[in-house]
Each structure stands twice: as structure tokens, then as C-alpha cells.
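Read-outs throughout are calculated quantities, based only on the coordinates presented, and are distinct from any laboratory measurement. Values in this document were obtained by computation on a predicted structure and should not be read as measured data. Reconstructed Cβ throughout: ideal geometry from the backbone, glycine too, with neighbour counts over all protein chains shown.
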Amino acid sequence: MDTILHGTLGGVVAFLATTLGAAFVLVGKPLSQRASDTMLGFAAGVMLSASYFSLIIPGIAVAEEIWNSTAIAALIAVVGIALGAGFVAWLNSTLPHEHFEMGQENADSTSLACIWLFVIAITIHNFPEGMSIGVSFGGDDITRGLSVMTGISLQDIPEGLAVAVALISRGYGKWKSFATAALTGAVEPLGALIGASAVSLSTTILPLGLTFSAGAMLYIISHEIVPETHRSGHQNRATTGLIFGLILMMFLDVTLG
């Protein structure tokens with residue numbers, strides 16, 4: 001029960017971070033596309049670092065302890081990463097949604113209001129992130145859970161802001177953009193609850209859960225965030241943001257762990 005409680009609370013923190021980021025559109029000047037791409041690059045760096053230092057490497061270590069075999073541990077990591085990436089790819093191909101620049105995907109998307117297409121697109125991102133937080137609290141490892149929660153929450157702030165700014169650029173009002181961007185983070189506590197509940201049933205599935213979450217985030221980084229940040233000619237700033245995000249998350253993981 002402690003795992004479930006801690007994991008779910010971690011998802012709530014990530015949701016609040018998304019809401020905080022979205023709230024910045026209610027005050028101050030509009031965010032430029034250049035700044036938005038830089039911040040999304042930072043978010044990608046945080047996720048990339050968390051995938052390896054907080055999920056894949058600990059997942060392999062736990063699997064080695066359970067099975068007493070490096071080869072089996074590596075195989076579990078391979079399967080987990082592939083399943084995680086495949087799961088998000090399936091969501092991406094099944095659910096109607098809309099990218100900021102590429103437009104609508106899937107035939108049924110034309111029947112939905114544009115604002116809900118954005119909600120679905122970001123929800124596809126945030127659900128695996130919530131699962132990552134929940135899974136990371138498994139095995140009674142509070143420090144690993146705090147590290148993943150902190151990293152994902154940090155990247156959720158610029159992500160929430162970027163979503164709200166994108167909606168404003170589409171003609172929606174500040175309050176509606178804020179509420180919609182905040183709503184995209186509401187799925188993170190649910191994902192965290194599911195992830196924490198799964199690993200609390202048996203520690204043997206913890207390595208698979210950790211690497212599954214990593215695979216999901218790696219897919220999101222490559223398929224969604226990086227192409228989005230490079231589309232408007234700000235790839236240099238986006239790459240700089242990615243490096244800083246990776247360094248910060250690595251530092252947090254090492255010091256908290």
C-alpha cells in the first residue's frame with residue numbers, strides 16, 4: 001500500500017507541475033516559438049536522462065538481483081523497452097489526435113473539436129510518464145521514485161506552458177488554454193496509480209515495468225518532442241535545452257540516489 005500511495009502522490013505532483021506551467025500564460029508576455037522550442041528541448045533532455053539513469057539501469061540491476069543472470073536481465077530490458085515503445089506507438093496510431101504543426105492523424109479525428117485533439121495528443125505523452133513515476137516507487141526504493149518524480153515534474157512545467165501557448169496561438173482564450181493544458185496532466189495520477197499497483201503485486205515484474213516506462217518515454221522523445229522542436233528552425237537552441245535537461249536530471253538522479 002505504501003508503494004501505491006507514494007506512486008499516486010508522485011503522479012499528483014507531476015499533474016500540479018503541468019498545471020503550474022500552464023498557469024504562466026495567465027500572466028506576463030506570450031512565449032515566443034524560439035523559447036517554446038528551447039523549453040521542449042529541455043523537457044526531452046530530462047526524459048532522456050530519466051529513461052536511462054532512473055529506469056533502464058536500475059531495471060537491469062534489479063533483474064540481475066532477482067534472476068542472478070546478466071543475460072536474463074539484459075533480455076528483460078530489451079523486452080520491456082520494446083513493449084513500452086510499442087504501446088505508445090499503438091496509442092499514437094489508434095487514438096485520433098493533432099500535432100501542433102503536422103495536423104490531424106487518423107481518419108476519425110475530423111469529427112472531434114480541435115482543442116480535444118490537442119488534449120488527446122498530450123494525454124498520450126503524459127500517461128506513460130505517470131506510469132513511470134508509479135513504477136519507480138516499486139521495490140520500496142523511495143529515492144528512485146523521488147528522482148523520477150522530480151525529473152518528470154520539472155519537464156512537465158515547460159510542457160504545460162508550451163501546450164497552453166500553442167492553444168493560444170490557435171485562437172483560444174487564456175483561461176481556456178490554461179484549463180485544457182492543465183487537464184492534459186490529470187491523467188498522470190491515474191498512470192502512476194496503475195504503475196504502482198502493478199509493481200506492488202510482485203517485485204519480479206519491477207524490472208519489466210521500469211524498462212517498459214523507459215521505452216514509452218524514448219518513443220515520445222523521438223517521435224514527438226524532438227521533431228516538434230526542430231520544425232521551426234530553432235534546432236540549435238532546442239539541442240542546447242536538451243543537453244541542459246539531460247545534465248540536470250543526471251545530477252538529480254546521482255545526488256538523490
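Tabulated data
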{"read-out": "Most positive-pole-ward Cα, A186, T123, G171, against dipole of the range 122-257 from beta carbon charges", "value": "G171"}
{"read-out": "Surface/4 estimate of mean projected area, convex hull on alpha-carbon atoms of the range 174-257, nm²", "value": "7.8 nm²"}
{"read-out": "Where labels lie 7 Å past Cα in the beta-carbon direction, separation of S32 and A74 in nm", "value": "4.7 nm"}
{"read-out": "Rg followed by Dmax, in Å, when the range 117-231 is reduced to its Cα trace", "value": "15.1, 49"}
{"read-out": "Cα gyration tensor category, rounded, prolate or oblate, for the range 19-61 with a/c compared to 1.5", "value": "oblate"}
